[in-house]
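The values are calculated or read from the model by the stated rules, or taken from the named source; none is laboratory data. No experiment lies behind these values; they were computed from the predicted model shown. Cβ coordinates were reconstructed from backbone atoms using ideal geometry, including for glycine residues, and neighbour counts include every protein chain displayed. The accessibility values were calculated without ligands, DNA or RNA, using every heavy atom of the protein model including side chains. Shrake-Rupley method; radii C 1.70, N 1.55, O 1.52, S 1.80 Å.
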Amino acid sequence: MSVGLLLSRQGQGCLVIALISRPGASPTKIVPWVGKVQLRSDTVGFREWPESQITVDDMVPCNSLLTTMDAQEPAIAAALQAAAQ
């Protein structure tokens, strides 16, 4: 399994997106974690740029990053479990 993060910062605003894929040459699941985005697709092909599927709507203050991550924990856990199967 591969797990990565797409981190973005603009001024005092931050965005975090989890990138999760099964072992081998498999698509990558894009899971918004902190911030608001629009996804053209919730997956991207093997070794393709996830940024091509993301439009940023809003970032959160960077100093509240850790407290806002908790809200999306179930979605991240579900994506991790799906990739591990």
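Measuring only protein heavy atoms, the 1.4 Å probe finds V31 accessible over about 10 Å².
Compute, for the chain, the length of the dipole vector about the Cα centre, with Cβ point charges of +1 (Lys, Arg) and -1 (Asp, Glu) only. Units Debye, rounded to 20.
Working: 6 positive and 7 negative charges, 42 e Å.
Around 200 debye, computed over the chain.
Evaluating 6.51 cos²θ - 1.76 cosθ + 1.60 at θ = phi - 60° for every residue in segment 26-43, the Karplus couplings come out as 10, x, 9, 7, 9, 10, x, 10, 10, x, 10, 9, 10, 9, 5, 8, 8, 9 Hz, glycine and proline recorded as x. By how many degrees, between 0 and 90 and to the nearest 10, does the Cα long axis of helix 73-84 differ from the longest principal axis of the chain? That helix lies at roughly 20 degrees to the long axis.
Rolling a 1.4 Å probe over the protein heavy atoms gives the chain an accessible area of 64 Å² per residue. With all pairs of different C-alpha atoms in the average, the Kirkwood value for the hydrodynamic radius of the chain is 13.1 Å. Placing unit charges on each Cβ (+1 for Lys and Arg, -1 for Asp and Glu) gives the chain a dipole about its Cα centre, and among V31, L19, M69 the Cα reaching farthest toward its positive end belongs to L19. For T43, the residues 5 or more places off, or on other chains, whose built amide H falls under 5 Å of its own are I30. Restricting the trypsin sites (Lys or Arg not before Pro) of segment 36-85 to loop positions (DSSP other than H, G, I, E, B) with no more than 12 neighbouring Cβ atoms within 10 Å leaves R40, R47.
With a Förster radius of 22 Å applied to the beta-carbon distance between M69 and R47, the computed FRET efficiency rounds to 0.25. Close amide H partners of I54, meaning residues 5 or more places away or on another chain with modelled amide H under 5 Å apart, are R40. Split the accessible area of the chain by element, probe 1.4 Å, and carbon with sulfur accounts for 54%.
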